[in-house]
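What follows is calculated from the coordinates using simple rules that are stated; it is not laboratory data. Fair warning: this is a prediction, and the values are worked out from it, not measured in the lab. No Cβ is skipped: glycine too gets one built from the backbone with ideal geometry, and neighbour counts run over all protein chains shown.
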Amino acid sequence: MSPLLAVRDLRTTFLTADGTVARPVDGVSLALEPGELLALVGESGCGKTTLALSLLRLIPEPPGWIDPAGRVEFEGTDVLRLDGEALRRVRGGGMAMVFQEPGASLNPVLSVGAQIAETVRAHRGLARHA
């Protein structure tokens, strides 16, 4: 059986305001099998969030850049080579991220359940009242 998620030599680079290059994700490789859990731990600023954003291709370009020589295969499809609707189907429909800052990620006026249901409806094509 092939891995659910296979990452090979992933590199994410940023050009900073003073012209220097920062590479918070530098040659990351990992595999995640179906039913397996993976925890990323490390000090603040070590690149955990940048790695997750890179997996979902949510790095703003510019100033960021994901090296196309790497691979991020989800269910056998290389996410780094997807565009448009195919990429949208993977984001939220297959892979998702819970952002660190709930104030920026969740709407305090809506319940968490309503916000999760909205994502499921958007990616699974379900009606509001099922």
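Miscellaneous remarks
- Total charge dipole magnitude, the chain, about the Cα centre, Cβ charges on Lys, Arg, Asp, Glu only, Debye to nearest 20: 420
- Annotation: amide H of Leu4 within the under-5 Å range of Leu32, Glu33, sequence separation 5 or more or interchain, hydrogens built in the peptide plane.
- The slack in the chain from Ile116 to Thr20, taken as 0.36 nm per residue of separation less the alpha-carbon distance, amounts to 30.6 nm.
- For the chain, adding -39500 (n - 2.57) for each run of n ≥ 4 DSSP H residues and dividing by the number of residues yields -6500 deg cm²/dmol at 222 nm.
- Calculated SAXS-style log₁₀ I(q)/I(0) at q = 0.14, 0.16, 0.19 Å⁻¹ - the chain, Debye, Cα scatterers: -0.74, -0.95, -1.23
- The range 58-76 residues near the modelled Ser29 label - backbone nitrogen below 16 Å, point 7 Å along Cα→Cβ: 69-73
- Just checking the listed ones, Gly94, Gly42, Gly64: in the Gaussian network model of the chain with Cα springs under 10 Å, the one fluctuating most is Gly42.
- Length released on extending from Leu106 to Leu37, taking residue separation times 0.36 nm less the Cα-Cα span: 22.4 nm
- With the charge dipole of the chain set up from +1 on Lys and Arg Cβ and -1 on Asp and Glu Cβ about the Cα centre, the Cα lying farthest toward the positive end among the listed residues Leu4, Leu58, Ala122 is that of Ala122.
- Each Cα pair under 8 Å and six or more residues apart adds its separation to the average, and for the chain the resulting relative contact order is 24 percent.
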